[in-house]
Amino acid sequence: SDGRVILQTPSQPVFEGDTLTLRCIIRDGYKATRVIFYKDNRELQSQTGTELSLDHVSKSIEGSYKCRVLLRMKFLTYSTMQ
């Protein structure tokens, strides 16, 4: 995490044959234009969504994962009543 982006991994162990879901959580005020997932510092996938699912995992998926997010500011609208 760099404070704006957090890589969320499963809280429970993942077993062979399971689906592994990784999520890049982005703090409020920002929106992802592109999310890049890495395994052992090698790019796995570049996409617009913040979630990556790997189906039918095996021992070969062990490693260090991270995500990198290209961000843009969200525009927020506030109104007041008089």
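Across the options Cys67, Ile26, Phe15, the greatest Cα extent toward the positive end of the charge dipole of the chain (unit charges at beta carbon of Lys, Arg, Asp, Glu) belongs to Ile26. Summing charges over all other residues whose Cβ lies under 9 Å from the Cβ of Val69, with Lys and Arg as +1 and Asp and Glu as -1, gives +3.
Which percent of the accessible heavy-atom area of the chain goes to carbon and sulfur, probe 1.4 angstrom? Its accessible area is 47 percent carbon and sulfur atoms. With all protein chains kept in place, the per residue accessible area of the chain amounts to 79 square angstrom at a probe of 1.4 angstrom.
Candidate cross-link partners of Lys66 among the aspartates and glutamates, defined by an alpha-carbon separation under 13 Å and a same-chain spacing of 8 or more, comprise Asp2, Asp40, Glu43, Glu51. For the chain, the dipole from Cβ point charges (+1 on Lys and Arg, -1 on Asp and Glu) about the Cα centre works out to 480 debye, to the nearest 20. Computed over all pairs of different Cα atoms, the Kirkwood value for the hydrodynamic radius of the chain is 14.3 Å.
Scanning the chain for trypsin sites (Lys or Arg not before Pro) that sit in a DSSP loop and have at most 13 other Cβ atoms within 10 Å, the longest stretch containing none of them is 28-73.
The values are calculated or read from the model by the stated rules, or taken from the named source; none is laboratory data. What you see is a predicted model, and the numbers here were worked out from it, not measured in a lab. Note: ideal-geometry Cβ built from the backbone for every residue, glycine included; neighbour counts use all protein chains shown. Ligands, DNA and RNA are stripped out before the accessible areas are found, and what is left, the full protein with its side chains, is counted by its heavy atoms. Shrake-Rupley method; radii C 1.70, N 1.55, O 1.52, S 1.80 Å.
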